[in-house]
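> Submitted below is the structure of interest, expressed as structure tokens.
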Amino acid sequence: MKVAYLGPAGTFTERAAKDLFPNSELVAIQPIRGVVFSVEKREARYGIIPLENFYNGEVRQSLDALTKCAHTQITQEHSTKIVHCIGALKPHGMIKTIFSKDQALEQCSDYLFQNYPYAMEIATSSTAEAAERIAREKLLEAAAIAPKNALIKSGLEIIAEDIVPNNRTRFAVISQNYTESTGDDKTLLAVHPPIKDKPGVLYNTLGFISGFEINLEDIKSRPDGREGYYFYVELDGHVKDRAVKMALDAIRFSLDPKDKYPDAVKVLGSYPNTHWKERK
């Protein structure tokens, strides 16, 4: 069985993939959209992509890619403790440049401001690539933020470990399968109002959710590039649960009473709730 994940090897996404599918063929793909569409085109049976982080929130590339899919949905969530380390070649000089994945740089922003306030930050395709680049180009005034094993693999010495305590990332398992209700699930929606600037759209949407006594886990918004907005809504319950189904029907009718816009409300997945933000 082929499982695609956001590569390259040595990243936190690979670790999540190994935890979830230890006996499967793991295939590293970049970028996130590539992972999602490998599942959409049935080139891989499952995909693993980052969805949300404790410190810098949602991974928009994942939400955007899933919104464009016709068949691929989230079927499982899985969280992993993220231990960011910083390393450099030995012997290194004064650190003037920090390389890492853009999201890792954001998560480590407080540490970097306190310890390397004048260093230039450069985003790479992954944390592993940051370490590999320093080793490949023999950059003696640069450091990389990456998992400890990725730093060591590239021959870098560890300067500091776990520089962002209590950091976790939630990953999504995506496939073309559909899950059954377990009694403790979550559903992620992409709500895209077809009429721009219609008063009360968000208010009514949330009102239907509340009216059916459904707990709202989270809501995010972003421009759609066409003068409108996407609203990403995560709520408690499964799409097959009676209350959730009735709420979705009400939201769809409110936004699109003539049923002209099939993407006005799109289900990005229903999956068991792992309560990942709760301290274990």
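The values are calculated or read from the model by the stated rules, or taken from the named source; none is laboratory data. Note that the coordinates shown come from a computational prediction; the quantities given were computed from them, not determined experimentally. Cβ coordinates were reconstructed from backbone atoms using ideal geometry, including for glycine residues, and neighbour counts include every protein chain displayed.
> Being out of contact with any strand residue (DSSP E or B) (no Cβ under 8 Å at 6 or more places or on another chain) and either touching a residue at least 24 places away in the same chain (Cβ under 8 Å) or aromatic (Phe, Trp, Tyr) (or both) is the filter here, so list the residues in the range 165-185 that pass it.
166, 180
> Name the single residue that is farthest from the chain's Cα centre (by Cα) among those in the range 117-171 being of a type in the set (A, V, I, L, M, F, W, C), in a helix (DSSP H, G or I) and farther than 26 Å from residue 77 by Cα.
Checking each candidate, the answer is 135.
> Can you find a residue in the range 142-164 that is loosely packed, with under 15 Cβ neighbours inside 10 Å and free of Cβ contacts under 8 Å to residues at least 40 places away in the same chain?
Within the range 142-164, not a single residue is loosely packed, with under 15 Cβ neighbours inside 10 Å and free of Cβ contacts under 8 Å to residues at least 40 places away in the same chain.
> Could I ask something else about it? Given the condition at pLDDT 95 or above, in a strand (DSSP E or B), not assigned by TED's automatic domain parsing to the domain that holds residue 73 and not small (Gly, Ala, Ser), answer yes or no: does some residue in the range 237-260 qualify?
Looking through the range 237-260, none of the residues is at pLDDT 95 or above, in a strand (DSSP E or B), not assigned by TED's automatic domain parsing to the domain that holds residue 73 and not small (Gly, Ala, Ser).
> Scanning the range 197-215 for residues that are hydrophobic (A, V, I, L, M, F, W, C) and in a loop (DSSP other than H, G, I, E, B), which turns out farthest from the chain's Cα centre (by Cα)?
The selected residue is 212.
> Still on this structure, please answer the following. Output the number of residues of the range 89-117 satisfying the condition of being closer than 22 Å to residue 58 by Cα and of a type outside the set (D, E, K, R).
10
> Report yes if residue 97 is among the β-branched types (Val, Ile, Thr), in contact with a strand residue (DSSP E or B) (Cβ under 6 Å, 6 or more places away or on another chain) and either more than 23 Å from residue 220 (Cβ to Cβ) or surrounded by fewer than 21 Cβ atoms within 10 Å (Cβ to Cβ) (or both), otherwise no.
Answer is yes for this residue.
> Among (1) in the same structural domain as residue 240 (by TED's automatic domain parsing); (2) in contact with a Lys or Arg (Cβ under 8 Å, 6 or more places away or on another chain); (3) loosely packed, with under 15 Cβ neighbours inside 10 Å, there is one condition residue 225 misses while meeting the rest; what is its number?
All conditions pass for residue 225, except number (2).
> Here is a follow-up. Suppose we filter the range 250-266 for residues that are loosely packed, with under 15 Cβ neighbours inside 10 Å and in contact with a strand residue (DSSP E or B) (Cβ under 9 Å, 6 or more places away or on another chain); how many remain?
1
> Residue 104 passes all but one of (1) buried (at least 21 other Cβ atoms within 10 Å of the Cβ); (2) over 25 Å from residue 278 (Cα atoms); (3) of a type in the set (A, V, I, L, M, F, W, C); which number fails?
Here residue 104 clears every test but (2).
> Among the candidates 31, 22, which residue alone is without any contact (Cβ under 8 Å) to a residue 12 or more places away in the chain, outside the structural domain of residue 142 (by TED's automatic domain parsing) and either over 15 Å from the mean Cα position of the chain (by Cα) or within 27 Å of residue 155 (Cα to Cα) (or both)?
Only one candidate qualifies: 22.
> Within the range 80-94, track down each residue that is under 21 Å from the mean Cα position of the chain (by Cα), buried (at least 19 other Cβ atoms within 10 Å of the Cβ) and not aliphatic (A, V, I, L, M).
Residues satisfying the conditions are 84, 85.
> Please identify the pairs in which a residue from the range 45-57 that is in a loop (DSSP other than H, G, I, E, B) has its Cβ atom under 8 Å from the Cβ atom of a residue that is acidic (Asp, Glu), counting only partners at least 6 apart or on another chain.
Listed pairs, sorted by first residue: 55/106; 56/106.
> Further question: Mind listing whichever residues of the range 211-222 are without any contact (Cβ under 8 Å) to a residue 40 or more places away in the chain and either in contact with a helix residue (DSSP H, G or I) (Cβ under 9 Å, 6 or more places away or on another chain) or buried (at least 16 other Cβ atoms within 10 Å of the Cβ) (or both)?
Selection gives 211, 212, 213, 214, 215, 216, 219, 221.
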